[in-house]
Every structure is written in structure tokens, then in C-alpha cells.
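Colleague: One structure, as C-alpha cells, below. Some questions next.
The values are calculated or read from the model by the stated rules, or taken from the named source; none is laboratory data. Predicted model only: the values in this text are computed from it and were never measured. In this analysis, Cβ positions are derived from the backbone assuming ideal geometry, glycine residues included, and neighbour counts consider all displayed protein chains.
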Amino acid sequence: MGIIINVDAALANRTDYNLLREPINDMLKNRQEAWEKGNPIDLLFKRGSLTKFQETYTDSIGFAHAFEETNDYAVAPIFNSYEGFSKTYTSRTFQGGFVITQQVLEDQAYNSIKNTASRFITRWHGDQVEFAMKAIQSGFGKVVYFDADGKRSALQLTSADTTDGNILTTTKNPLFCKTHKTVATREASAISQANMFAVTDGASSPTYGIDLSGNDEGKIAKLADVINQVITTMENYKDDNGKYAGVSGAKTIVAPNDARLKAAIETALGTEMFQGYGLNGAYKRATLETTPYLRDIDACSSGVGFFIVDKAYNAENQGPEFTQRVAFTLNVEATKNPYGISYDARERFDINVSSWRGIAYVYIGNDATPDFTKNATIEDFSLIQPISTLVKPVSVVNEVSAKITNTTSAPVNTKEVSDT
């Protein structure tokens, strides 16, 4: 990221502007850096950039094998790598601005100017975060809109893999899907894999989810088992060649800042006492990060879901990305209607993704028809049945009581001592 200040040469010698230019510019840069140090976007997305209008990333199937047994002095066999799925990355243009009026300049209301500029840059970054959260919500197969003053930006995140595994098929899978495909070749059919999970009890008339606010004694154990199962599934993903993809980096659970969900995940990740029995496979399997911004999307509101992210895998394999084409640019010029100084901001960016393997979504809600998914049904998810309880309840079978009866009295000898 970065910030560029383009100052109109006509303003270079204006006394009133020169008094304001450096303080405001420095403040804007500091505000930018503060957001970069703790931006919720970085919990789910990596940062990337485009050097041209658009760029297409083509995955390589890789090598099915790299060697074979040969006779002595035989010519070494040559193995070829083939193209796999492809995805085109683009950017969008966003603009906004504010005006410092002539009256404010005349009154030298520097604190008002600073506050206005500070609120503007804060809101710019806040809008970026909300845009990114809307984008992740659009990864479930339904179009989501980012609305701002009547303007609508349509968002729908898809991964590079196609619905049937054929690289020539134009229909892509949603970012979150239970039927992601590997490349179908003449030698091997496409493999289906999931990165979208829901919880079930596995009954003939099933119920769904984990009731974190109820009286279920096994809720932490269930959550721990679900986390462990999902992370293990991610570690066992196959690449487009049918080989293990190596999604083995440190995992981060990214959740909404919901009190019960946060406490339950922290407990599941930090409970060591039953580790020796293999009952808490989630112990230290991931770290937890929370953000209030996820509370505003349907997939996470009320603590019904969270994401598991392998940042290292995403960084190396074109995972979900905040792609910047042109950095935040602030053009400054004098205005006549109204009189004053105009700050016009512009940035080109978008959310893009190619590989889905470095992020998974876990739904723990009890709604069988979650309407944020493509078909609005629990069947959109890969269902997980966790263990039912961590500690079996102990019941008292027989009550044993003991009563001691004193039947005899032992004589008590006393001796009287007198002084003579």
C-alpha cells in the first residue's frame, strides 16, 4: 500500500495553503500507516498488485512424476508440465473527496481541518474493509452488492477451478464450495473436494449446528473436533495432479467478534487437560483472530460461522487477494465553487482469487436453509459429525451408608491428687 500526494503547482506559494499542506499530508500518511498495521483485510486476504489493466494467472498441473527407473547409460526421460485452470485479475476505480472552504481557511480553524481530513481517510479505509467483507460474503455463489450513495458494486468471488474439471469450461466454482474440482485429464478424472463445512448430529432426522448458548455439556468438545477435522481435511487436499497440495502452514481462525463464539474457540484451542486421550484435537492447532466487521455479513452474524486460513499457502498460490492497481492518490487544488481547497482521492483496487485451498468456511448455525449460499440449503455444505461429548456423565448406582454404634462404655479411671 502507499499514499501519493499530487500538489497543484499553482498552490505552491499560497501562504494559507502552505500553512496547512505539510500537517495535513503528514497526518494522512500516518493514518494510512496505522490502518496498514492493523487492517482486518489482512486477516482474510493477502496483498497484491497489478502492473497493467488486467492479468491472467494460469495454474500449472505440474509433473505427475519427475523420474523413472532406467537402464545404465540410458538417455534421461523428459517430463512435461501442462497448463491447468486460469483466472483473470482486474481492478476497479474508486473516487471521493472533501473540500476545505475559504471560510475555514480565513478563520485558520486548523483543528477543524485536521479532523475533517482524519475522518475522511478513516472512512476511506473503513469502506475498503466493508467492501472486502462483502466480497468474502459473495464467495458462497450469490451476488452481493456494495452500496455507496446510490452506486452499486456487484461482487461474486469464484475460484479458478471449473464445475466439471475441464479447463475449457467457462463456469467457475464459488470460492466456498463442497465440489471443487481438480483438472480432469485423459489419465485421471476430476476429484471433488470441499472447503465449506457444516455441523450435523448424523441422526435420521438430523439437527444442525452447535448451540453455544445452550446447556449442551459437550459443545466445546464438538467445536474442538470440528476445528480439528476441518484443518486435517485442509492438510490432506490434493492438487490438480492428484498429489498432496501441502496446505500445512500455520492456521488462523478468523471469526466475528461474538462473545460466545470467541470464548468457545479460545477454550477449544487452549484446553490441554484431555489432550492425552486424543479428545481435543484442536489444542494449539490454530490461533484466533476476531474482527467486528464480520458481524455484518450473513455467513458470520450472530456467531454462526468462521473461517480457517492458511496464510502461507495463500501467499504462494494466489489465494484470496486485495489487489491494488494504483495506490491511494490525493490530488489537491484550489476551487472556486465553493472557494477553498479541494482534496480529491482516487484508488484502483479489487478483490481477486484463484486458489481456494488456503481458506475454509465452517458453519455452526442450526438453520437448514442458510440463505447466503447458492441453493439456500444445508446440502450446499460438506457435513461434519463431531463427537457427542468430551466427558461421559457419571451416575450413582448404589448408595452405601455406614453407621457406627457404641455398645459398651469403657471405665474411666480417675485419680484424685491432693496437696499435703
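Colleague: If you take the residues in region 338-351 that are out of contact with any Lys or Arg (no Cβ under 7 Å at 6 or more places or on another chain) and among the charged types (D, E, K, R), which one is surrounded by the most Cβ atoms within 10 Å (Cβ to Cβ)?
Modeller: First, the residues of region 338-351 that are out of contact with any Lys or Arg (no Cβ under 7 Å at 6 or more places or on another chain): 338-347, 351.
Now drop any that are not among the charged types (D, E, K, R), which leaves 344, 346-347.
On the way: Asp344: 16, Arg346: 17, Glu347: 22.
So, considering only residues that are out of contact with any Lys or Arg (no Cβ under 7 Å at 6 or more places or on another chain) and among the charged types (D, E, K, R), the one surrounded by the most Cβ atoms within 10 Å (Cβ to Cβ) is Glu347.
Colleague: Where in region 257-337 are there strands (runs of 3 or more DSSP E), lying fully within it, with 1 or more residues that are of a type in the set (A, V, I, L, M), crowded, with 17+ Cβ neighbours inside 10 Å and more than 16 Å from the chain's Cα centre (by Cα)?
Modeller: In region 257-337, 321-336 are the strands (runs of 3 or more DSSP E) which contain 1 or more residues that are of a type in the set (A, V, I, L, M), crowded, with 17+ Cβ neighbours inside 10 Å and more than 16 Å from the chain's Cα centre (by Cα).
Condition check ((1) in contact with a Ser or Thr (Cβ under 8 Å, 6 or more places away or on another chain); (2) part of a loop (DSSP other than H, G, I, E, B)) across all residues:
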| position | (1), (2) |
| --- | --- |
| Gly202 | no, yes |
| Ile220 | yes, no |
| Asn241 | yes, yes |
| Ile253 | yes, no |
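Colleague: Also: Give the residues of region 294-308 that are in contact (Cβ under 8 Å) with a residue 40 or more places away in the chain and not polar (S, T, N, Q), sorted by residue number.
Modeller: Leu294, Asp296, Ile297, Asp298, Ala299, Cys300, Gly303, Val304, Gly305, Phe306, Phe307, Ile308
Colleague: Something else: Within region 355-374, track down each residue that is among the small types (Gly, Ala, Ser), crowded, with 19+ Cβ neighbours inside 10 Å and over 21 Å from Glu130 (Cα atoms).
Modeller: Answer for region 355-374, where residues must be among the small types (Gly, Ala, Ser), crowded, with 19+ Cβ neighbours inside 10 Å and over 21 Å from Glu130 (Cα atoms): Ser355, Gly358, Gly365.
Colleague: Right, something else. Could you pull out the residue among Ala221, Ala160 that is crowded, with 19+ Cβ neighbours inside 10 Å, under 25 Å from Asn314 (Cα atoms) and under 26 Å from the mean Cα position of the chain (by Cα)?
Modeller: Ala160
Colleague: Just to be sure I understand the filter: pairs with C-beta atoms under 7 Å, separated by 6 or more residues or on different chains, first member in region 149-178 and free of Cβ contacts under 8 Å to residues at least 60 places away in the same chain, second member exposed (fewer than 15 other Cβ atoms within 10 Å of the Cβ) and aliphatic (A, V, I, L, M). Which pairs pass?
Modeller: Here the result reads Ala154/Val143; Gln156/Val143, each pair linking region 149-178 to a residue that is exposed (fewer than 15 other Cβ atoms within 10 Å of the Cβ) and aliphatic (A, V, I, L, M).
Colleague: Ok, one more. Within region 91-100, identify whether any single residue is in contact with a Gly (Cβ under 7 Å, 6 or more places away or on another chain), modelled with pLDDT under 90, part of a strand (DSSP E or B) and more than 30 Å from Gln318 (Cα to Cα), and answer yes or no.
Modeller: So far as region 91-100 goes, yes, one or more of its residues are in contact with a Gly (Cβ under 7 Å, 6 or more places away or on another chain), modelled with pLDDT under 90, part of a strand (DSSP E or B) and more than 30 Å from Gln318 (Cα to Cα).
Colleague: Looking at Val183, Val247, can you tell me which residue is in contact (Cβ under 8 Å) with a residue 40 or more places away in the chain, within 21 Å of the chain's Cα centre (by Cα) and in a loop (DSSP other than H, G, I, E, B)?
Modeller: Step by step, each of Val183, Val247 is checked, and only Val247 is in contact (Cβ under 8 Å) with a residue 40 or more places away in the chain, within 21 Å of the chain's Cα centre (by Cα) and in a loop (DSSP other than H, G, I, E, B).
Colleague: Any idea which residue in region 110-148 is surrounded by the most Cβ atoms within 10 Å (Cβ to Cβ), counting only those that are touching a residue at least 12 places away in the same chain (Cβ under 8 Å) and of a type in the set (S, T, N, Q)?
Modeller: As a first pass, look at region 110-148 and keep what is touching a residue at least 12 places away in the same chain (Cβ under 8 Å): 110, 113-114, 116-118, 120-122, 124-125, 127-144, 146, 148.
Pick out the ones that are also of a type in the set (S, T, N, Q) and you get 116, 118, 122, 128, 137-138.
Numbers: Thr116: 18, Ser118: 15, Thr122: 13, Gln128: 20, Gln137: 21, Ser138: 24.
Among those that are touching a residue at least 12 places away in the same chain (Cβ under 8 Å) and of a type in the set (S, T, N, Q), it is Ser138.
Colleague: Turning to a different aspect of this structure: Considering Lys311, Lys336, which residue is within 29 Å of Phe372 (Cβ to Cβ) and either touching a residue at least 24 places away in the same chain (Cβ under 8 Å) or of a type outside the set (Val, Ile, Thr) (or both)?
Modeller: The conditions single out Lys311.
Colleague: Here are the criteria: (1) within 26 Å of the chain's Cα centre (by Cα); (2) part of a loop (DSSP other than H, G, I, E, B). Tell me which single one Ser138 does not satisfy.
Modeller: If we test Ser138 against (1) within 26 Å of the chain's Cα centre (by Cα); (2) part of a loop (DSSP other than H, G, I, E, B), just (2) comes out false.
Colleague: Restricting to region 338-366, what's the tally of residues that are assigned to a loop (DSSP other than H, G, I, E, B) and either under 14 Å from Thr101 (Cα atoms) or among the charged types (D, E, K, R) (or both)?
Modeller: 2
Colleague: Taking the criterion of being touching an Asp or Glu at 6+ places or on another chain (Cβ under 7 Å) and more than 30 Å from Thr58 (Cβ to Cβ), would at least one residue in region 260-274 satisfy it?
Modeller: no
Colleague: Which residues, counting only those in region 31-81, are closer than 24 Å to Thr182 by Cα, outside any loop (DSSP other than H, G, I, E, B) and modelled with pLDDT of 85 or more?
Modeller: Of everything in region 31-81, those that are closer than 24 Å to Thr182 by Cα, outside any loop (DSSP other than H, G, I, E, B) and modelled with pLDDT of 85 or more turn out to be Leu44, Lys46, Glu55, Thr56.
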